[in-house]
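Participant: The structure that follows is given in the form of structure tokens.
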Amino acid sequence: MPQAKQTDNQPFNAGTWRLGIVVARFNHHITDKLYQSAIGRAADYNLQEDSIDSVEVAGAVEIPLILQTLAKTGRYDALLAIGCVIRGETPHFDYVSKFVTEGVLKVQLTYDMPIGFGVLTCDDEAQAQARANLGADHLDAVMQQTQACAAISSGNAQL
């Protein structure tokens, strides 16, 4: 079986694409940094400000419903979820992490919509701070995924 080619994750011209971003406000000191990192990277893909719609929600649990609402419109080429869940002293962390992870996956598979998973699930504040600049990486992931899906759909995928 031939091996799949590794992507180089280099930006490409996505100037005609539309991107939807859902940002949780809970732990906003982290999610703001994730968002700014992603927006900064969007320029490398030639995504224009008017082709990016951002929606704020209260917390991570609210992310999947808004992603679903955006996906239903059919207006977006890709979506990006941004949030931060930090473990506390109760099982709440486990439930929130499960709900957001499964919810995002369900929307992605139901709507055949590439969704970047930029929701940090960290054991403590230090881990979250150390990862707060990864928004660009999450954007890279969804942009590459969207490009691959488009290539497969058009019959131009090369393994």
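Derivation of every value follows stated rules applied to the coordinates shown; laboratory data play no part. Since this is a predicted model, take the numbers as computed values, not measurements. All Cβ positions, even for glycine, are placed from backbone atoms using ideal geometry, and neighbour counts span all protein chains on display.
Participant: Among the candidates Ala43, Ala58, Ala81, which residue alone is buried (at least 17 other Cβ atoms within 10 Å of the Cβ) and among the small types (Gly, Ala, Ser)?
Facilitator: Among Ala43, Ala58, Ala81, only Ala81 is buried (at least 17 other Cβ atoms within 10 Å of the Cβ) and among the small types (Gly, Ala, Ser).
Participant: One residue is enough: does region 42-49 have a residue meeting the conditions closer than 14 Å to Gly116 by Cα, touching a residue at least 40 places away in the same chain (Cβ under 8 Å) and of a type outside the set (Asp, Glu)?
Facilitator: Yes, because at least one residue in region 42-49 is closer than 14 Å to Gly116 by Cα, touching a residue at least 40 places away in the same chain (Cβ under 8 Å) and of a type outside the set (Asp, Glu).
Participant: Let me ask something else about it. Which condition number does Leu19 fail, the rest of (1) buried (at least 18 other Cβ atoms within 10 Å of the Cβ); (2) hydrophobic (A, V, I, L, M, F, W, C); (3) farther than 19 Å from Gly135 by Cα being met?
Facilitator: Single failed check for Leu19: (3).
Participant: Given the criterion aliphatic (A, V, I, L, M), under 14 Å from the mean Cα position of the chain (by Cα) and assigned to a loop (DSSP other than H, G, I, E, B), identify the matching residue among Met113, Met143.
Facilitator: Result of the check over Met113, Met143: Met113.
Participant: Taking only region 42-98 into account, find how many residues are among the hydroxyl-bearing types (Ser, Thr, Tyr), touching a strand residue (DSSP E or B) at 6+ places or on another chain (Cβ under 7 Å) and over 20 Å from Met143 (Cβ atoms). Steps first, please.
Facilitator: Within region 42-98, the first condition is being among the hydroxyl-bearing types (Ser, Thr, Tyr), and the residues that meet it are 45, 51, 54, 69, 73, 76, 90, 95, 97.
Among the residues that remain, those that are also touching a strand residue (DSSP E or B) at 6+ places or on another chain (Cβ under 7 Å) are: 51, 54, 76, 97.
Restricting the remaining residues to those that are over 20 Å from Met143 (Cβ atoms) gives 97.
So the answer is 1.
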